[in-house]
Amino acid sequence: MEMSTKNDIQKAAMLEALEKSLGIVTSACKSVGISRNTHYTWLKQDDIYKEAVEDIENIALDFAESQLHKQIKEGNTSGTIFYLKTKGKKRGYIERTEVHQETTYKSLDINIIDTGVPFANSEKDIID
């Protein structure tokens, strides 16, 4: 029988806290009593922990999408527009910003010559 380490217990508690907070790291860390740095270190070093956190993030995203669909069904115009801008891009529902710039100056060549003399570090260096 394998014994759980303090880290294993904290990781399990953190995963539970992340589920309850819908993936909000700061809230989960506070409830477990660990630092955000500890969480991010675990993410880098523990592939199983990382996979579990990513699953929780996907659950939170699914929840947010379900709320968006609920708003669309209720006739929320902003929700509908947001959905079409993000999910309907292939059908042309996208805002585009066109930038056109004209210049009237000619090209300028700059040659940099290293004289071996350092730049002034302060106004005092310039005066001296």
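The values are calculated or read from the model by the stated rules, or taken from the named source; none is laboratory data. Note that the structure is a prediction, hence the values are computed from the model and not measured. Ideal geometry is used to build each Cβ from the backbone, glycine not excepted, and the neighbour counts take in all protein chains shown.
Only residues that are under 25 Å from Gln67 (Cα atoms), of a type in the set (D, E, K, R) and free of Cβ contacts under 8 Å to residues at least 12 places away in the same chain were counted across segment 1-43, and they come to 2. Of all the criteria given as (1) under 23 Å from Leu61 (Cα atoms); (2) surrounded by 17 or more Cβ atoms within 10 Å (Cβ to Cβ); (3) out of contact with any His (no Cβ under 7 Å at 6 or more places or on another chain), the one not satisfied by Ile48 is (2). Taken together, Ile48, Ile94 contain a single residue that is of a type outside the set (Phe, Trp, Tyr) and at pLDDT below 90, which is Ile94.
For segment 63-99, residues that are over 22 Å from the mean Cα position of the chain (by Cα), more than 30 Å from Lys20 (Cβ to Cβ), of a type outside the set (A, V, I, L, M) and surrounded by 12 or more Cβ atoms within 10 Å (Cβ to Cβ) total 3.
Only residues that are farther than 18 Å from Asp8 by Cα and touching a residue at least 12 places away in the same chain (Cβ under 8 Å) were counted across segment 44-60, and they come to 3.
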